[in-house]
Amino acid sequence: MQTEFLIIGQGISGTWLSYYLQNEGKSFIVIDDNNNKSPSRISAGIINPVTGRRHVTVWMADKIIPFALKAYNQLGYELGITAISQKNIIDFFPSPQMRLSFLQRIEENDMYVHHYPEQDHFKHLFNYDFGCGEIQPAYTVHLETLLPAWRQRLREQQVLLEIEFEIEKLQINKDNIQYNDIIAEKIIFCDGNSSAAHPWFKQLPFAPNKGEILLVEIPDLPNHHVYKKGMMLAPLATTGLWWLGSNYGWNFDTADPTTEFRERTVQLLKEWLKIPFTITEHLSGIRPATLERRPFVGIHPLHSTIGILNGMGTKGCSLSPFFAKQLTEHFCKNSPIFPETDINRFSKIIARNSK
Ligand SMILES: Cc1cc2nc3c(=O)[nH]c(=O)nc-3n(C[C@H](O)[C@H](O)[C@H](O)COP(=O)(O)OP(=O)(O)OC[C@H]3O[C@@H](n4cnc5c(N)ncnc54)[C@H](O)[C@@H]3O)c2cc1C
């Protein structure tokens, strides 16, 4: 079987890369093992334009977020689903200091950080002592609807192999690659943390980061917003179902959910929420994060047949459409990849240690 691209992974990165390649009329095959613990399958899909305790605007927010909004709406339209919704974040200040920090950002005219006029509006739903503000525009991507819908499209087009990719079976040639009976001009790794073990990319500064979440039924909570107080409480596509998380673990002994997280998070929710809730699931996943918090995009410096779209860290939903498009244009029009994300910024390290 001959094809132009073999894509490994149909998380959010592989989804966008296959979408844009298809738009350019390129042929491809996607291999994905449908791991239901992959970050793309347990993420809340929140696109939050600010980050950290100081509510700093996220990297390239002004470019990447409007791009993502348009892209998800277009793909959702083509698939006949709602792929993205605007869900501004109500930020309940956990301390007077956090309140001050938020107000300072408003004074600095930050475009994403705003007063919430009716400070008591949520008092029948939540306990909060230091007021609240609004982060907007913010969005949730409906990954639980979008990923299966795109997968079904790939199935119908007979370009999806639902199997585990085994690196030992991959043969790299000068002008193409071979995997079982597939011969492709290029193989592109969109396989999240799996890439960190591949011979060609293991030298990249991946920094896997564990996150745990709870799925919670809260039938009486209005789903117009994402709510935040330390953690995020985000509405899912199923009415009444909420996503609560997450933590950020750089050092972890197990990839599995822990009792410690569950107990601490349930306690937090009991203190925060005034209405009944039921925990339905506890999940964990490992984010494909990078040491310098920038994605890995591009072609291997020694092997023009091997590429990567990865390292999306905590922001796969906003970053992946933009960089999948950029990588596609690089293939089709030879246009440049942003130097900050191009894996060629590590060309010496990769070249020295790759086989
Ligand atoms: C708890 C948690 C919460 C998060 N919340 C958010 C959020 O709110 N907003 C946001 O933007 N981001 C969030 N993220 C981060 C986001 O999930 C990631 O940035 C994003 O999903 C990465 O997507 P990806 O497609 O690059 O990789 P992945 O999601 O890892 O996808 C890789 C795909 O490749 C497949 N695969 C891997 N190895 C193989 C193999 N050998 N054979 C076959 N298939 C293989 C996997 O099954 C998977 O489908 C969160 C992550 C976690 C863990």
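Among the residues of the stretch 24-43, those that are in contact (Cβ under 8 Å) with a residue 24 or more places away in the chain, of a type outside the set (Lys, Arg) and farther than 16 Å from PRO288 by Cα comprise GLU24, SER27, PHE28, ILE29, VAL30, ILE31, ASP32, ASP33, ASN34. The residues of the stretch 110-122 that are open to solvent by 70 Å² or more (accessible area, probe 1.4 Å) and in a loop (DSSP other than H, G, I, E, B), listed by number, are MET111, PRO117, GLU118, ASP120, HIS121.
If you check ILE275 against the conditions, is it open to solvent by less than 70 Å² (accessible area, probe 1.4 Å) and more than 25 Å from the chain's Cα centre (by Cα)? So ILE275 fits the description; yes. Would a scan of the stretch 216-235 turn up a residue that is assigned to a strand (DSSP E or B), of a type in the set (Asp, Glu) and open to solvent by less than 40 Å² (accessible area, probe 1.4 Å)? The answer is no, given that none of the residues of the stretch 216-235 is assigned to a strand (DSSP E or B), of a type in the set (Asp, Glu) and open to solvent by less than 40 Å² (accessible area, probe 1.4 Å). The test for being touching a residue at least 60 places away in the same chain (Cβ under 8 Å), buried (at least 17 other Cβ atoms within 10 Å of the Cβ) and either within 16 Å of the ligand (Cβ to nearest atom) or in a helix (DSSP H, G or I) (or both) holds for PHE331. Among the criteria (1) over 15 Å from PHE5 (Cβ atoms); (2) part of a helix (DSSP H, G or I); (3) touching a residue at least 60 places away in the same chain (Cβ under 8 Å), the one THR140 does not fulfil is (2). The set of residues in the stretch 123-147 being open to solvent by 50 Å² or more (accessible area, probe 1.4 Å) and under 17 Å from LEU244 (Cα atoms) consists of ASN127, GLU144. Reported count of residues in the stretch 248-259, each being within 21 Å of ALA44 (Cα to Cα) and either surrounded by 10 or more Cβ atoms within 10 Å (Cβ to Cβ) or touching an Asp or Glu at 6+ places or on another chain (Cβ under 9 Å) (or both), is 6. Just one of the listed residues (GLY240, GLY245) is near the ligand (Cβ under 9 Å from one of its atoms), closer than 19 Å to PRO222 by Cα and either at pLDDT 95 or above or open to solvent by 50 Å² or more (accessible area, probe 1.4 Å) (or both), namely GLY245.
The set of residues in the stretch 180-214 being under 20 Å from GLY14 (Cβ atoms), in contact with a Lys or Arg (Cβ under 9 Å, 6 or more places away or on another chain) and away from the ligand (no atom under 11 Å from the Cβ) consists of ASN180, TRP200. Please go through the stretch 175-191 and pick out each residue that is outside any strand (DSSP E or B), in contact (Cβ under 8 Å) with a residue 24 or more places away in the chain and open to solvent by 20 Å² or more (accessible area, probe 1.4 Å). Result: ASP175, ASN176, ASP181, ASP191.
The values are calculated or read from the model by the stated rules, or taken from the named source; none is laboratory data. Since we're looking at a predicted model, the values are computed, not measured. All Cβ positions, even for glycine, are placed from backbone atoms using ideal geometry, and neighbour counts span all protein chains on display. What goes into the accessible areas is simple: the full protein's heavy atoms, side chains included, and nothing from ligands, DNA or RNA. Shrake-Rupley method; radii C 1.70, N 1.55, O 1.52, S 1.80 Å.
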